Amino acid sequence: MIRRASLSDLATVVHWRLRLVAELRDVSIDSLGTSFRDATHAWLDAALASGTYFVWLAETSSEFVGVAAVAPLRRPPRPEHPLGYEGYVVDMLVPEAHRRGGIGSALLSRVETDCRALGMTRLWLHTTPAGRPLYERHGFGVNEGALEKVL
Ligand SMILES: CC(C)(COP(=O)(O)OP(=O)(O)OC[C@H]1O[C@@H](n2cnc3c(N)ncnc32)[C@H](O)[C@@H]1OP(=O)(O)O)[C@@H](O)C(=O)NCCC(=O)NCCS
């Protein structure tokens, strides 16, 4: 089952956010440090409470099997995106034991459906090599015009 997370899921959402960051950096959760853990907890607490960050949890009757999260972004309207409402896919994680069974794809389909229903007209993201085939199969393409600068 896939469902939208609420504030009562804070501990789960924090845990799996830390697990994803640790996995992508190939380090242990403990090595991320307590100040990062506390900052993540405080940020997600405020974001879930205010409804300004959307998280989906995939679960069986007994365990967590995946998470996805979207940070909404409001931009001025453009002709092809008249609402100016977009989403940045921040997190997609399926625990290793459950990968390659279609959970990631099901999560992404649900994210797309719900974000469309919320009025978003575009999703974007940065991917890992593991995530790229999944996103491409779902129709995500490279945006050659995107540039970034770390401030
Ligand atoms: C990326 C990630 C979320 C994908 O989750 P997943 O549940 O494995 O995704 P799916 O099962 O839907 O699809 C993954 C692969 O399994 C295959 N697959 C799907 N159902 C299958 C089945 N029943 N039997 C065998 N393979 C299957 C898909 O074809 C796909 O293959 P491909 O990647 O070679 O094209 C997961 O690998 C992950 O958490 N990776 C680490 C974190 C990460 O990189 N996240 C993305 C950051 S943005």
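In table form, for the structure just shown:
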{"item": "Choice from Val21, Val90, Val65 showing the highest fluctuation, given a GNM over the chain with Cα pairs closer than 10 Å", "result": "Val21"}
{"item": "Ser31, Ser105 arranged by Cβ crowding within 10 Å, fewest neighbours leading", "result": "Ser31, Ser105"}
{"item": "Part-to-part distance (alpha-carbon centres) for the stretch 101-151 and the stretch 40-83, which is given in Å", "result": "13 Å"}
{"item": "Beta bridges by DSSP in the stretch 2-137, antiparallel share as percent, to the nearest 5", "result": "80 percent"}
{"item": "Which of Phe36, Phe54 has the fewest Cβ neighbours within 10 Å, and the rest in rising order", "result": "Phe36, Phe54"}
{"item": "Anisotropy class of the stretch 90-131 from Cα gyration tensor, a/c 1.5 cut", "result": "oblate"}
{"item": "Longest DSSP-loop-exposure-free segment, trypsin sites (Lys or Arg not before Pro), the chain, at most 14 other Cβ within 10 Å", "result": "1-98"}
{"item": "GNM result for the chain, Cα springs below 10 Å: residue of Ala47, Ala39, Ala71 fluctuating most strongly", "result": "Ala39"}
{"item": "Square roots of five times the Cα gyration tensor eigenvalues for the chain, Å", "result": "24, 19, 17"}
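Values in this text are rule-based calculations from the coordinates and carry no lab data. Just so it is clear, the structure is predicted and the values come from calculations on it, not from any experiment. Cβ atoms come from the backbone with ideal geometry, glycine included; neighbour counts cover every protein chain shown.
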